[in-house]
Amino acid sequence: MPFDFKKEYKEFYMPKNKPEIVTVPKANYIAVRGQGDPNEEGGAYKQAIGVLYAVAYTLKMSYKTDYRIEGFYEYVVPPLEGFWWQEGIEG
């Protein structure tokens, strides 16, 4: 059965009613960095998200090919996570 991050790490994917600080375990991530308006049709943001999911699903399905990734295990592609910040802001 594929590993499902949402089920195994409910504390990260099912937010409580009150904000809290959580410690995210060390792991490998696929990430894109950039900026842009998510509502802009064909904009940099939408292109980056498309690339992110294309890579995630290519890796997920790699076990069906002749190429084997060391340490690979079947998984459910988790939902998109965004980390947002604003320059010049502290705290």
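Laid out as a table, the results:
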item	result
Where the chain is the region considered: accessible area per residue in Å², 1.4 Å probe	94 Å²
GluC sites (Glu not before Pro) within the chain: DSSP coil, no more than 13 neighbouring Cβ in 10 Å	20, 40, 41, 70, 74, 81, 87, 90
Rounded percent of accessible protein surface that carbon and sulfur make up, the chain, 1.4 Å probe	56 percent
Relative contact order (percent, whole number), the range 1-64, Cα cutoff 8 Å, 6+ residue spacing	18 percent
Global form of the chain, assessed from the alpha-carbon gyration tensor, a/c cut-off 1.5	oblate
Coil-residue trypsin sites (Lys or Arg not before Pro) of the range 23-91, DSSP, other Cβ within 10 Å capped at 15	26, 33, 68
Longest exposed-site-free window of the chain, the sites being chymotrypsin sites (Phe, Trp or Tyr not before Pro) in a DSSP loop that have at most 13 other C-beta atoms within 10 Å	30-66
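The values are calculated or read from the model by the stated rules, or taken from the named source; none is laboratory data. Given the structure is predicted, the values throughout are model-derived calculations rather than measurements. Cβ: placed from backbone, ideal geometry, glycine included. Neighbour counts: every protein chain shown. When the accessible area is computed, the model is the full protein with side chains, heavy atoms only, and any ligands, DNA or RNA have been set aside. Shrake-Rupley method; radii C 1.70, N 1.55, O 1.52, S 1.80 Å.
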